[in-house]
Structures are given as C-alpha cells and as structure tokens.
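The block underneath contains the structure these notes are about, expressed in structure tokens.
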Amino acid sequence: MTGTRIGRPRSEATRLAILEAAAALTTELGYDHVTIDAIASRAGAGKQTIYRWWSAKSMVVADAVIEGLLRLPALDLPDTGDLGDDLKAWSATSAVKMNDSRFLQVVRALVTAATGPEQDASRLYEHIMRPTYESLVARLRQGQDAGQLSPAVSPESVADALLGTLLFRTLARLPMPETMAGIIDALLAPTAPPSSS
C-alpha cells in the first residue's frame, strides 16, 4: 500500500506481477501458507524488491484486494420491505461468507494491514468497507422512513454496531447469527408508549 512502500516503484509491470502473484497464491494455498519468497518466485521479482515497496505480506495482499485482483465476498443487503427480516438474512449470509476458509485469513490480513499508517487504513476503508457501510445505512434510513426503525435511532450508529459485531465475531470465530439477530431485535423493538393511569 502506498503508505508502506519505501521508495518509488521502478516498474509498474513488476508491481502488478507481484500483486497478481500474491492474489493467485492466496487463492490457491490460503493466506497462511503464502510467503514473500513464494510471491517473489511466482512474480519473477526479487524478495528485496517486495520489501522495498511493502513492509509485510498483509500489505501486499491488501493492495491485491484494493486493485481488484483478489475479491472478497459481496455482503449485499436484501430489500424485501421488512427491515428486520432483511437485516437478519444479511447477517446470517454474511457470517457464512466471512467464515469461509477461502476468505477468513484474507479478512484477518486486511485487519492487520489496517493497523498500519492512517493513510493505509483510510484507503482500505474506502475500497473495502465503505460501499457495504453506505448500503447498510441507506437501507436503515429506508426502514426508518417506513416506520420500522425509531427516528431517535441513528442509522450510522446501527451500521457501526452491526458491522463491528460481524467483524469482531468473525475474527474471534464466535457464533454469529443468533447474536446478530438479538442485536437486530433490540434495535428494532418498538418503544412502548407511556401508560396513562
């Protein structure tokens, strides 16, 4: 990623070859089994060239994702008109996708990459998380307009809570759908009117 490269790339072809090699090896072997040596060998590049441009394997893989060479599962939100059902279906489907062995280690690598320089974290957010976040906020606002979410509740805060829970429980390998369903029920529970006695 730009914030982790030391010096400027001398060859765009070499940079792309490295990213393509990282993507291919991650798909074939799984992230845990990919090494910088293997990436260098597959790309026909020197190991030191990689370390000059990226500080760690996680940064190379993060750039491969950002460049669209390594794809994560889409976390598309359904719209059946029932916000609660849609969010529960989304959380259950997202849990299955995120815990797929082909993607789980890549997700962990991206989290590692996001702990680096602020500009790298921002770039990862813009390319990977922001589209899902904005789609979720838009669906929540739509549900709010339909009276399915209290106007006192911030759609942005709900989106933060749901995505944060999804990511945390994925990284910790904890059960997901029941927990997410409970959060959704709590968020969408109607506020009882004050009793008139």
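For the range 123-141, a tally of residues being under 23 Å from Pro151 (Cα atoms) and open to solvent by less than 60 Å² (accessible area, probe 1.4 Å) returns 8. Summed over the range 73-116, the residues that are farther than 22 Å from Ile183 by Cβ, assigned to a helix (DSSP H, G or I) and open to solvent by 60 Å² or more (accessible area, probe 1.4 Å) give a count of 4. Against the conditions (1) open to solvent by 10 Å² or more (accessible area, probe 1.4 Å); (2) in a helix (DSSP H, G or I); (3) under 22 Å from Val111 (Cβ atoms), Ala62 satisfies every one except (1).
Checked against (1) without any contact (Cβ under 8 Å) to a residue 60 or more places away in the chain; (2) open to solvent by less than 50 Å² (accessible area, probe 1.4 Å); (3) over 18 Å from Asp82 (Cβ atoms), Asp120 passes all but a single condition, namely (1). For the range 14-43, taking the residues that are in contact with a Ser or Thr (Cβ under 8 Å, 6 or more places away or on another chain) and assigned to a loop (DSSP other than H, G, I, E, B), the one that is modelled with the lowest pLDDT is identified as Gly30.
For the range 105-135, a tally of residues being of a type in the set (Asp, Glu) and within 13 Å of Ala74 (Cα to Cα) returns 0.
Please determine whether any residue of the range 103-119 is of a type outside the set (Lys, Arg) and farther than 29 Å from Ala24 by Cβ.
Within the range 103-119 (the criterion being of a type outside the set (Lys, Arg) and farther than 29 Å from Ala24 by Cβ), the answer is yes, since at least one residue qualifies.
Residue pairs whose Cβ atoms lie under 6 Å apart, separated by 6 or more positions or on different chains, with the first residue in the range 73-86 and within 12 Å of Gln142 (Cα to Cα) and among the aliphatic types (A, V, I, L, M) and the second open to solvent by less than 30 Å² (accessible area, probe 1.4 Å) and modelled with pLDDT of 90 or more, are Leu83/Gly143.
Just so you know, in the range 148-161 the residues that are more than 11 Å from Gly81 (Cα to Cα) and part of a loop (DSSP other than H, G, I, E, B) include one that is least open to solvent (accessible area, probe 1.4 Å), and it is Leu149.
The values are calculated or read from the model by the stated rules, or taken from the named source; none is laboratory data. Source: prediction; values computed, not measured. Backbone-built Cβ (ideal geometry, glycine too); neighbour counts: all protein chains shown. Protein only, heavy atoms only, side chains kept; ligands, DNA and RNA dropped before computing areas. Shrake-Rupley method; radii C 1.70, N 1.55, O 1.52, S 1.80 Å.
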